[in-house]
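Have a look at the structure below before the remarks.
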Amino acid sequence: MSQNRSFPDDFIWGAATASYQIEGAAAEDGRGPSIWDTFSKTPGKVLHGHTGDIACDHYHRYESDVKLMAELGIRSYRFSLAWPRVFPAKGKVLDNGFDFYKRLLEQLHKHGITPAATIYHWDLPQWIEDEGGWSNRAVVDYYLEFAEKAFRELGDQIPMWITHNEPWCASLLSYGIGEHAPGLRDWRRAYRAAHHLLLSHGEAVKLYRSLGLKGEIGITLNLTPAYSASDSPQDVAAAARQDCFSNRWFLDPLFKGEYPAEFMERVERFCGDLDVVRAGDMEAIATKMDFLGINFYTRSLVADDPNDPLLGVKHLKTDNPVTDMGWEVYPDALYDLLHRLQKDYTDLPIYITENGAASADVVEDGNVHDADRIAYLHQHLEAARKFISEGGNLKGYYLWSLLDNFEWAFGYTKRFGIIYVDYDTQERIPKDSFEWYRQVIAANSLPETVQGTV
Ligand code: GBH
């Protein structure tokens, strides 16, 4: 292990959340339903029928939650804006729809915490889904209307904007695999959705620039590096297909202005002509942004499998430790990924906008001893630091997540927070990882030894 464990002086330490996962207050102040309200209330979609109706009740507890952020010492807080609070129904705009965020921004400002806002983190207004959601091109204009209102009302207070969180999840996982809202299994609609997400991103970057605002704007991708199970040409090709599916489908258009051609042919053989790209779209998508955000959790390890219809791959398990999500802990993939991004795609600043681990936390005598999470964080931060020490342009790190929260299809059964939430009382209990992260931030450096094991 290298001797120097510190981070650059201007490194941005942060933590992240998302509106539907923490806010609750699902019917308050005129908020309309989102696709996640509908989905979570459809039997069998979310574990135990959990919903975001109350979640962490952050909508009412934001003041004390910001105090916890201040105690933690983060410089920046990443949160998302709930679209159905502003556009609750077709043709309806609420002029006070951003009031909650204005109150939140006031608290952040008071504590010297810089806000970073995600415009879309999956809570699409249900009325837009009723018109075809992300697979209908009309969504791009709806999105831009929302983005413009956000820029105009909050733009002077928010220096960092993320157009989309994980368009892979919002399209392929949501319209293709069906695990997330709206829960469809239609690959053609899924790939059309991906295109409209990317297009709305590019158009939003242009819009942001045209308003002359002073901050930075980028996108957050969830990237899952694909490793080949062997050196056989079949497995290597399988890993390349998996990589197109997980990563290149979004990276190539954003940075090269094109979809991976061979893979696109494969997709269209499978689900028919996508008929989605129009003149000018690819240029718009590739509009230069200010930074790239990446969410990193795990890698995939794949082998060739001719029986798998879309990708022709099968996923393999290893003996490496896994988190409570069952995701393999493989920090080297973060290091490899950062280098690849810089080599093959961009010299833009990169932010890790999410990284963290689920753990089966329990409260013992008022404490939560989450040594496994601490080890996970330590190993990933070490990979990040190594990249920086080699000249890598990594500007910041947002831990997922500040609070335990509604983990989508898993409801409240998976805990990612460094603050424990008791969902009966809404009591917050900072876990051992909170104190560990507080010390890392205060020292701007990692401790010498990794505590515990993952
Ligand atoms: C993020 O999604 C979300 O932005 C956030 O809202 C969420 O709470 C958080 O992460 C935790 O899930 O099945 O082994 O191939 C991350 C979603 C995680 C999807 C990794 C792809 C691949 C794992 N991604 N996953 S595997």
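Taken together, the values in this text are just the output of simple stated rules run on the coordinates, not laboratory data. Here the structure is a predicted model, which is why all the values come from computation and not from measurement. A quick note on method: Cβ atoms are made from the backbone with ideal geometry, for glycine too, and the neighbour counts reach across all protein chains shown.
With the charge dipole of the chain set up from +1 on Lys and Arg Cβ and -1 on Asp and Glu Cβ about the Cα centre, the Cα lying farthest toward the positive end among the listed residues Ala443, Trp249, Val93 is that of Val93. Restricting the count to DSSP beta bridges whose residues both fall in the chain, what percent are antiparallel, rounded to a multiple of 5? Bridges in the chain that DSSP calls antiparallel: roughly 25 percent.
Rounded to the nearest 20, the Cβ-based charge dipole of the chain about its Cα centre (Lys and Arg +1, Asp and Glu -1) stands at 760 debye.
This ranking places Glu265, Glu23 by how few other beta-carbon atoms lie within 10 Å of each, fewest first, which gives Glu265, Glu23. Restricting the trypsin sites (Lys or Arg not before Pro) of segment 204-303 to loop positions (DSSP other than H, G, I, E, B) with no more than 15 neighbouring Cβ atoms within 10 Å leaves Lys214, Arg278, Lys288. When Asp123, Asp319, Asp361 are sorted by how many other C-beta atoms sit within 10 angstrom of their C-beta, beginning with the fewest, the order is Asp319, Asp361, Asp123.
In this structure the amide hydrogen of Lys414, modeled in the peptide plane, comes within under 5 Å of the amide hydrogens of Glu407, none closer than 5 places in sequence on its chain. Counting only DSSP beta bridges with both residues in segment 1-128, the antiparallel share comes to about 20 percent.
For the pair Asp290 and Glu268, the difference between a 0.36 nm per residue extended length and the Cα-Cα distance amounts to 4.7 nm.
When the helix-only estimate is applied to the chain (DSSP H runs of n ≥ 4, each -39,500 (n - 2.57), divided by the residue count), what is the mean residue ellipticity at 222 nm, nearest 500 deg cm²/dmol?
Details: 14 runs with 157 residues, N = 454.
So the calculated ellipticity at 222 nm is -10500 deg cm²/dmol.
Under 19 Å of direct C-alpha separation, and excluding same-chain neighbours fewer than eight residues apart, Lys110 reaches these lysines: Lys67, Lys102.
Would you work out the relative contact order for segment 12-443, in percent, from Cα pairs under 8 angstrom that are 6 or more residues apart?
Over segment 12-443, the number comes to 17 percent.
Net charge in the neighbourhood of Thr318 (other residues with Cβ under 13 Å of its Cβ; Lys, Arg +1, Asp, Glu -1) is -1. Projected onto its three principal axes, the C-alpha set of the chain covers 57, 56, 46 Å, listed from the longest axis down. Listing Cys169, Cys56 from fewest to most neighbouring C-beta atoms within 10 Å gives Cys169, Cys56.
Can you give the net charge of the other residues whose Cβ lies under 13 Å from the Cβ of Pro33, counting K and R as +1 and D and E as -1? Working shown, then result.
Values: positive: Arg31, Lys41, Arg85, Lys90, Lys92; negative: Glu28, Asp37, Asp53, Asp123, Glu129, Asp130.
Taking every other residue near Pro33 into account, the sum is -1.
Placing unit charges on the Cβ atoms only, positive for Lys and Arg and negative for Asp and Glu, gives segment 257-399 a dipole magnitude near 360 debye about its Cα centre.
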